[in-house]
Amino acid sequence: MRLLISNIKQLWQTEPDSTDLQKGEAVWRTRVYGKDMSVLPHIDNAWLISEDGIIHSYGEMSTLPESHADETIDATGKMVLPAWCDSHTHLVFATPRDGEFVDRIKGLSYEDIAKRGGGILNSARMLNAMGEEELYDQSLARLHNVMARGTGAIEIKSGYGLCLEGELKMLRVIRRLKENAGIPVKASFLAAHAFPDEYKQNKEGYLKLITDQMLPRVAGEGLADYMDVFCEDGFFGVTETERLLEAGWKYGLKPKIHANQLHYSGGVQVGVHQNALSVDHLECIGDAEILVLKGSDTIPTILPGAAFFLGMHYQPARKLIDAGLPLCLATDYNPGSCPSGNVPLLLSIACTQLKMTPEEAINAVTINGAAAIELEHVMGTIKTGKKASLIITKQIPSLAYIPYDYGNNNIERLIL
Ligand code: NIG
Ligand code: FE
């Protein structure tokens with residue numbers, strides 16, 4: 001099936017075309033770092049052809065070849081860009097936590113709520129009480145909702161089971177989403193999200209449950225791509241995190257961890273030491289953490305939607321970019337700290353609150369987002385041979401209009 005998109009006002013995040021690449025005259029990018037994040041290559045008045053879901057060719061309208069297409073989309077006045085890659089979500093969950101939201105408005109903190117048995121443990125109780133079918137149906141509806149806002153690849157974590165059966169149930173739901181959603185889905189195993197009540201006095205028992213019973217089953221059924229730990233004071237400490245990540249590596253699970261959300265917890269250091277693909281959150285990050293990241297391949301991923309919703313201070317995006325790092329943005333979609341998987345809204349927060357330019361923010365959630373879930377060879381930029389996972393916007397005046405027009409959906413269509 002040959003699809004032609006013609007008269008594109010601007011085609012964004014383009015790589016050099018295939019002929020230049022074949023001649024070896026150009027290189028294509030797998031991540032963008034630091035000041036290069038302010039550049040978003042594009043072609044004005046462009047066309048793009050995809051062949052069976054793969055980008056075949058593209059260029060300026062004056063170079064459009066005369067050939068047959070099975071379907072033509074006229075994109076006059078519209079932008080085309082690669083679909084968002086949302087590299088950190090907890091989209092599979094049972095029930096919203098709007099009661100806790102009100103408690104926080106009235107003065108309780110996220111940590112207060114966790115200490116009294118709410119938060120993640122609240123979600124775990126509700127998830128374990130829900131059947132797999134209902135959990136799947138709800139999660140699929142959420143996934144369709146974020147796809148309508150341009151998300152074309154996503155990572156989803158377990159971590160609301162906190163027992164063998166509950167974690168397996170979540171991961172099986174994620175596997176069904178992988179099979180049926182029509183977009184790439186990556187799964188992270190996050191049993192180390194919180195200590196369940198019955199293990200509060202027996203932390204060693206829970207660590208052993210994860211390493212000796214859950215991991216072999218999860219890996220045996222091929223249910224996870226990554227290993228995640230909530231490395232944080234009051235949750236899993238540095239030594240526990242190190243041990244869990246080492247155990248994950250034995251089963252081939254690369255770490256992608258929660259680090260430095262609430263405190264300077266040492267999470268960045270342990271993540272880098274364990275060769276994590278990414279360290280995520282980073283509300284609490286200083287020079288020492290930045291120095292460690294600079295000497296590594298670990299991708300710093302910030303989740304400003306969570307800082308927004310919890311009313312916390314934002315991640316120092318400018319400092320991370322100025323340090324030359326390949327900054328990634330993700331939503332953190334979850335029922336506690338960020339009940340939204342809306343990437344355009346995330347872009348608005350990144351631009352207005354973190355002072356990222358629209359180009360930087362879009363790089364962070366396309367090419368760098370793809371790298372943070374190891375999809376950089378198939379997604380994240382417009383390149384011959386990559387998946388034609390494309391956003392077509394409504395008629396908008398500029399790319400900056402997407403974050404500018406906050407709260408509104410300017411995505412007309414996601415092509416898969
Ligand atoms: O990334 N902080 C840890 N995990 C999630 C929130 C989980 C929850 O509150 O349900 C996060 O913010
Ligand atoms: Fe998270």
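The values are calculated or read from the model by the stated rules, or taken from the named source; none is laboratory data. Keep in mind the model is a prediction, meaning the values are calculated, not measured. Positions of Cβ are generated from backbone atoms using ideal geometry, with glycine treated the same way; all protein chains shown enter the neighbour counts. For the accessible areas, the whole protein counts, side chains as well, though only heavy atoms, and no ligand, DNA or RNA atoms are used. Shrake-Rupley method; radii C 1.70, N 1.55, O 1.52, S 1.80 Å.
Divide by every residue of the chain the summed helix terms, -39500 (n - 2.57) for each DSSP H run of at least 4, and state the resulting mean residue ellipticity at 222 nm, rounded to the nearest 500 deg cm²/dmol. If you can, show how the numbers build up before the last one.
Details: 17 runs with 143 residues, N = 416.
The per-residue figure over the chain is -9500 deg cm²/dmol.
Which of the trypsin sites (Lys or Arg not before Pro) found in the stretch 1-104 are loop residues per DSSP with 11 or fewer other Cβ atoms within 10 Å of their Cβ? Walk me through the intermediate numbers first.
Values: sites: ARG2, LYS9, LYS23, ARG29, ARG31, LYS35, LYS78, ARG97, ARG104; in loops: LYS23, ARG29, ARG31, ARG97.
Listed in order of number, the matching sites are LYS23.
Using only the C-alpha atoms of the stretch 156-310, find the volume of their convex hull and express it per residue in Å³. Present the calculation step by step, with values, prior to reporting the outcome.
Values: hull volume 17.8 nm³, N = 155.
Hull volume over Cα atoms, normalised by residue count, gives 115 Å³.
Give me P(r) over the stretch 62-119, computed from all C-alpha to C-alpha distances, binned every 10 Å, as integer percentages.
14, 25, 17, 14, 14, 13, 4
Kindly state, to the nearest 0.05, the FRET efficiency for HIS313 paired with TYR406, given R0 = 22 Å and r defined as their beta-carbon distance. Walk me through the numbers on the way to the answer.
On the way: r = 20 Å, r/R0 = 0.92.
Calculated transfer efficiency: 0.60.
Starting from the exponent 0.38 and prefactor 2.2 Å, build the expected Rg for the stretch 325-399 from its residue count and divide its actual Cα Rg by it. Show your work: numbers first, answer last.
Values: Rg = 13.3 Å, N = 75, 2.2 N^0.38 = 11.3 Å.
For the stretch 325-399, the normalised Cα radius of gyration comes out at 1.17.
Take the solvent-accessible surface of the protein heavy atoms, probe 1.4 Å, and return the percent of it on the chain that carbon and sulfur atoms account for. Each step should come with its number before you reach the end.
Numbers: 8060 of 15720 Å².
Carbon and sulfur together cover 51 percent of it.
Please work out, to two decimal places, the log10 of the ratio I(q)/I(0) at q = 0.10, 0.11, 0.14 Å⁻¹ from a Debye calculation in which every Cα of the chain carries one identical scatterer.
Treating every Cα as an identical point scatterer, log10 I(q)/I(0) equals -0.65, -0.78, -1.23.
If each residue of separation counts as 0.36 nm, what is the full-extension length gain between ILE54 and ASP70 once their alpha-carbon separation is subtracted? Kindly include the intermediate steps, with their values, before the conclusion.
Working: separation 16, 0.36 × 16 = 5.76 nm, distance 1.43 nm.
Length gained between ILE54 and ASP70: 4.3 nm.
Averaged per residue, what accessible surface does the chain expose to a 1.4 Å probe, in Å²?
Working: 15720 Å² over 416 residues.
I get 38 Å² per residue for this part.
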